[in-house]
1. Under the condition of being loosely packed, with under 14 Cβ neighbours inside 10 Å, within 28 Å of residue 179 (Cα to Cα) and of a type outside the set (Asp, Glu), which residue from the range 1-26 is nearest to the chain's Cα centre (by Cα)?
2. Given the conditions (1) surrounded by 15 or more Cβ atoms within 10 Å (Cβ to Cβ); (2) in a loop (DSSP other than H, G, I, E, B), and given that residue 77 satisfies all but one, which numbered condition is not satisfied?
3. Can you pull out every residue in the range 186-211 that is farther than 15 Å from residue 99 by Cα, open to solvent by 50 Å² or more (accessible area, probe 1.4 Å) and assigned to a helix (DSSP H, G or I)?
4. Residue 51 - would you say it is part of a helix (DSSP H, G or I) and surrounded by 15 or more Cβ atoms within 10 Å (Cβ to Cβ)?
5. Please verify whether residue 68 is open to solvent by 60 Å² or more (accessible area, probe 1.4 Å) and under 22 Å from residue 13 (Cα atoms), treating the condition exactly as stated.
6. Mind listing whichever residues of the range 144-156 are of a type in the set (A, V, I, L, M) and either over 22 Å from residue 222 (Cβ atoms) or touching an Asp or Glu at 6+ places or on another chain (Cβ under 8 Å) (or both)?
7. Tell me which residues, restricted to the range 224-240, are at pLDDT below 90 and closer than 20 Å to residue 106 by Cα.
8. Only one residue in 118, 162, 179 is at pLDDT below 95 and farther than 30 Å from residue 30 by Cβ, so which one is that?
Amino acid sequence: IHLTRRHAGQLRDHLMAQGLQVSTVKRYLKDIRAVFNYAAIEHDIPFINPFQKMELPKQSLSQRNHRKPMPEVVVQDVFEYLSTTPSREPLLIFTLLYHTGARLAEITGLLKSDVHPDAPIPYLDVHEHAHRRLKNDWSNREIPLSPAALECAKKALTLVPDSEFVFPRYTGADKRGSDSASAWLNKVIRKFCPDKKVVVHSLRHNFRDRIRSKGIHFETGKALEGHRYSLGEEANYGGGISLEDLYAAVCKVNEDL
């Protein structure tokens, strides 16, 4: 197949037409570009990558204003609504998101082997799987479970005893995964909040606000959320933040809930 710059532009335009964020399209194009570069190197193919230096429009909204934290009254309304639905997965997913600050795909893509409820410090082992990619290398981390999150994780493990996945309804090659869970949860959120800047991803903003309000060290907060540490030489020194310290921080973040 002979791919040209025109084909690359058509794909970019198609992705943008789907309503995806510029940052998401940029990430997709970066992945595609990397595949072509790898193939060219491995098979000694001399060519110019058609996905190199693709132009994209500027993000219309700043990252800070793109999403809002979810008002606590809405959080409680969603909890109450989900507790009445026949399916248990959405409530457990929403609860884990709220108490851990994790990304939706990190929760919906969990294997049962990723959940360690009986460890001295219970935690989720978030790493890349064949069925789920992570946003970046910093997303690979251990997320300690506060008491409420631990109880939720234990319930989740019992949902489908014969599956290797914690949430098989949202996991696997034939499923839409986190997209499906996001669409379902956002419909529920919209019942109680018309502001389209308030979505399930807003729970990460709630988590960040609680980190600030509790005076948690900035780097500790980044470690919990799977963000890159501070730039500069200081980011390359030390052994990182211990699971014990992360557990103390996450318990403090959630102590008033």
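The values are calculated or read from the model by the stated rules, or taken from the named source; none is laboratory data. The model shown is predicted, which means the values in this text are computed figures rather than measured ones. As a convention, Cβ positions derive from the backbone with ideal geometry for all residues, glycine included, and neighbour counts pool all protein chains shown. All accessible areas refer to the heavy atoms of the entire protein, side chains included, with ligands and DNA or RNA removed. Shrake-Rupley method; radii C 1.70, N 1.55, O 1.52, S 1.80 Å.
1. By that ranking, first place goes to 24.
2. (2)
3. Residues of the range 186-211 farther than 15 Å from residue 99 by Cα: 186-199.
From the residues that got through so far, the ones that are open to solvent by 50 Å² or more (accessible area, probe 1.4 Å) too are 187, 190-192, 194, 196-197.
Of everything in the range 186-211, those that are farther than 15 Å from residue 99 by Cα, open to solvent by 50 Å² or more (accessible area, probe 1.4 Å) and assigned to a helix (DSSP H, G or I) turn out to be 187, 190, 191, 192.
4. On the way: part of a helix (DSSP H, G or I): no; surrounded by 15 or more Cβ atoms within 10 Å (Cβ to Cβ): yes.
No, not satisfied.
5. Numbers: open to solvent by 60 Å² or more (accessible area, probe 1.4 Å): yes; under 22 Å from residue 13 (Cα atoms): no.
Criteria not met by residue 68.
6. Residues of the range 144-156 that are of a type in the set (A, V, I, L, M), as a first pass: 145, 148-150, 153, 156.
Result: 148, 150, 153, 156.
7. Kept after step one, since they are at pLDDT below 90, are these residues of the range 224-240: 226-240.
Within the range 224-240, 226, 227, 228, 229 meet the criteria.
8. Working: 118 fails: at pLDDT below 95; 179 fails: farther than 30 Å from residue 30 by Cβ.
Selected residue: 162, the only one of 118, 162, 179 that is at pLDDT below 95 and farther than 30 Å from residue 30 by Cβ.
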